Structures are given as structure tokens and as C-alpha cells.
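Have a look at the structure below, then the notes.
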Amino acid sequence: MAEVDLEQRGNSIDEMLKKKRDQNPLPDPETLDDLVQGLKIIFQDNEINVEEVNEYMSKYKSNPREWYKYAKFDHHRYTRNLVDQGNGKFNLIVLCWGEGQGSGIHSHSDSHCFMKVLDGRLDETMYAWPSDSEDERELQKTDTHAYETDGVAYINDSMGLHRVENTSHTNTAVSLHLYSPPFDMVECFDQRTGHRKKVRVTFYSKFGKRTPFGCTSVETLEPEKSENN
Ligand SMILES: [Fe+2]
């Protein structure tokens, strides 16, 4: 009974917040800071309207001066750089992709995942979930997309798996990712066999400062078991 009451209360708060936003729509985000603050307002709701978030993230026009401090590259792999923890509702992360760098094939821990390209171009390849059988079977590609600067993409587990890559061998790329709810473990998949393993995701920097090795949960990880998704 108490749970039902809480749920009803949550729903009516959501409705109230939505009504308030309909009457006073959020102004377009002119800066990255505006975007972060606006997202915090949107994510006060328990129910997320994917279209609304997509549209709002699209309205921000990438300005390198605003995200430069989060853009830390590594020669060996792409990096994840924490920008904001969204009052516990989401993680906002800048991903930096060197020439030719890409992610493994992964799922998204039942979270919403929004990706906005801040610089360069990123290619996304989508795959179907492997069957539950133990048989080794190559993952089936279902779709491909290319996103240019300021483009926004969305995925959740009901849409399948994906891999994101900077296929350029001459240009780097930078993207802004929002994960809600935040997570620190994902499943990665082997394209050839469909086998999966759980890996912990790590941050290369937090709030513009390089994460010192040995000062975070990263230290407990074996390097080959950490993934930057
Ligand atoms: Fe992803």
C-alpha cells in the first residue's frame, strides 16, 4: 500500500514538473553549462521523455572552448571523462576518440544512453542480442549510422547492442554521453562468438582533472577487464 502511495505521489510530482515546464519551457542551452543545468531540470522527472532530451541536446551547438578542459586523449584507447553527476540521476561524460579508436560491442545496463557529437564524426554499428543458447554464433549486424558534429543518437537495451568508432585516420572525435541511471558495469560482447563478459567502466578524468592511478576503483581492476564505454 505504501509503495502504491509513493508511486502515485511520484507520478503526480512528475505531472506537476511537466506542467510547469510546459508553461515555462527551458530556454535553449547556449553554453555547455546551460545544457548541464537544463538536463538536471529535465531529469528531476522519474519518467524520461527521450524525444525531449534528444531535442534539448540537439539545441546546444558545440563550442570547443566550453568542453576543452574535459577533452583528454590517450594514444592507446578512447577515454571517458566525467563532466557532471547530474544530482545522482545521470552521468554526463566526454569521450575522446583518437584516430581509428573505437569501443567494443556493448549493452547499456538498462539505462538510457544519449550521445551527442561535439567534434568530428562517429560511426555506430548496431547488433542484435545473441540468443541465450551456448552455441557460438557471430553477432548479427542490424544497422549502421554516422553522426556528424552536433548530431545526437539514442540507444537502450531494447534496441540492441552497438559499437561506436572514429573511423577517421586523420581526425580525432569528441562526444558527450548521458547515461541515466548512471552505471559502472556493462556487458561486452565478442563479435565472432557472441560470448559476453561483464566489465567495469572507468574514468580517465573527473571534472577536468586526470584520475590518479591508484586513487579510484580503477586500481582494483585488471587492465584487460576494464572498458571505456
Ligand atoms: Fe554505448
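The values are calculated or read from the model by the stated rules, or taken from the named source; none is laboratory data. Everything numeric in this text was worked out from a predicted model, so none of it was measured. All Cβ positions, glycine included, derive from the backbone under ideal geometry; neighbour counts span all protein chains shown.
In the set Thr31, Thr79, which member is hydroxyl-bearing (Ser, Thr, Tyr) and free of Cβ contacts under 8 Å to residues at least 40 places away in the same chain?
Among Thr31, Thr79, only Thr31 is hydroxyl-bearing (Ser, Thr, Tyr) and free of Cβ contacts under 8 Å to residues at least 40 places away in the same chain.
Output the qualifying pairs, or none if there are none: Cβ atoms under 8 angstrom, residues six or more apart or on different chains, first residue in the stretch 176-189 and farther than 17 Å from Val53 by Cβ and part of a strand (DSSP E or B), second residue more than 13 Å from the ligand (Cβ to nearest atom) and among the hydrophobic types (A, V, I, L, M, F, W, C).
Listed pairs, sorted by first residue: Phe189/Leu139.
Confirm whether Ser131 is among the small types (Gly, Ala, Ser) and either within 11 Å of the ligand (Cβ to nearest atom) or modelled with pLDDT under 95 (or both).
Taking the combined requirement at face value, the residue satisfies it.
Do the conditions hold for Lys72, that is, is it among the basic types (Lys, Arg) and touching a Cys at 6+ places or on another chain (Cβ under 9 Å)?
Yes, satisfied.
Which of (1) among the small types (Gly, Ala, Ser); (2) under 26 Å from Asp157 (Cα atoms); (3) part of a loop (DSSP other than H, G, I, E, B); (4) in contact with a strand residue (DSSP E or B) (Cβ under 7 Å, 6 or more places away or on another chain) does Ser58 not meet, given it meets every other one?
Result: Ser58 passes all but (3).
Just to be sure I understand, how many residues within the stretch 144-177 are surrounded by 12 or more Cβ atoms within 10 Å (Cβ to Cβ), more than 12 Å from the ligand (Cβ to nearest atom) and either basic (Lys, Arg) or over 17 Å from the mean Cα position of the chain (by Cα) (or both)?
Total satisfying the criteria: 4.
Out of the residues in the stretch 50-65 that are surrounded by fewer than 16 Cβ atoms within 10 Å (Cβ to Cβ) and in contact with a helix residue (DSSP H, G or I) (Cβ under 8 Å, 6 or more places away or on another chain), state the one that is modelled with the lowest pLDDT.
Per the criteria, the residue is Glu52.
Here is a check on your reading of the model: is Gln44 part of a helix (DSSP H, G or I), surrounded by 12 or more Cβ atoms within 10 Å (Cβ to Cβ) and not assigned by TED's automatic domain parsing to the domain that holds Tyr179?
In short, no.
Out of (1) hydrophobic (A, V, I, L, M, F, W, C); (2) within 14 Å of the ligand (Cβ to nearest atom); (3) buried (at least 16 other Cβ atoms within 10 Å of the Cβ), what's the single condition that is false for Leu139?
With respect to (1) hydrophobic (A, V, I, L, M, F, W, C); (2) within 14 Å of the ligand (Cβ to nearest atom); (3) buried (at least 16 other Cβ atoms within 10 Å of the Cβ), Leu139 is out only on (2).
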